[in-house]
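Report on one structure; see the data block that follows.
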Amino acid sequence: MAIRTTNAQVAAIIELEVTVSTEPFIEVANSLVTELCTDSDYTDEKLELIERWLSAHFYAIREGRATLEKAGKVSATIQSKVDLGFDVTHYGQMAMRIDTAGNLAKLNEQTKKGGVPVVGMTWVGRTEEEAIAAATE
């Protein structure tokens with residue numbers, strides 16, 4: 001699977017820490033875009049945009065974004081929310097908007113509802129009483 005976006009493209013939309021590589025975030029975004037979006041007849045350019053914004057989303061979750069910073073009597077508030085959804089960050093929201101076929105939004109909703117549908121089993125046999133009654137007939 002060819003990586004579509006670059007560190008420089010991700011850095012154009014989110015401030016990066018020099019010591020933190022974007023490679024793992026780009027890899028996971030690439031994997032999801034390849035799996036979910038390539039059957040949607042998107043251009044390579046659109047796939048790259050989705051991958052770029054999704055990479056920034058995963059990076060933002062790792063790094064946390066400042067929502068308030070002060071200089072006098074130093075203070076900082078970091079945006080933080082424990083969640084698996086793409087709507088946790090502005091970057092994930094944008095990736096879902098760019099994915100106009102709704103592939104990421106569908107996965108987002110499945111995740112919120114507990115993942116993919118659960119496999120179940122239904123008993124279609126007889127109870128012990130039914131088996132005894134049938135044997136005595």
With respect to I13, determine if the residue is at pLDDT 95 or above, in a loop (DSSP other than H, G, I, E, B) and surrounded by 12 or more Cβ atoms within 10 Å (Cβ to Cβ).
yes
Pull up segment 82-125, narrow it to residues that are of a type in the set (K, R) and surrounded by 10 or more Cβ atoms within 10 Å (Cβ to Cβ), then point me to the one that is modelled with the highest pLDDT.
R97
Quick one: in segment 41-70, which of the residues that are loosely packed, with under 12 Cβ neighbours inside 10 Å and of a type in the set (D, E) is modelled with the lowest pLDDT?
E69
Tell me, which residue of segment 16-40 that is touching a residue at least 40 places away in the same chain (Cβ under 8 Å) and assigned to a loop (DSSP other than H, G, I, E, B) is surrounded by the most Cβ atoms within 10 Å (Cβ to Cβ)?
L16
Just give me the residues in segment 42-56 being outside any helix (DSSP H, G or I) and in contact (Cβ under 8 Å) with a residue 40 or more places away in the chain, in sequence order.
Y42
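The values are calculated or read from the model by the stated rules, or taken from the named source; none is laboratory data. Being a predicted model, the structure only gives us computed values, none of them experimental. Backbone-built Cβ (ideal geometry, glycine too); neighbour counts: all protein chains shown.
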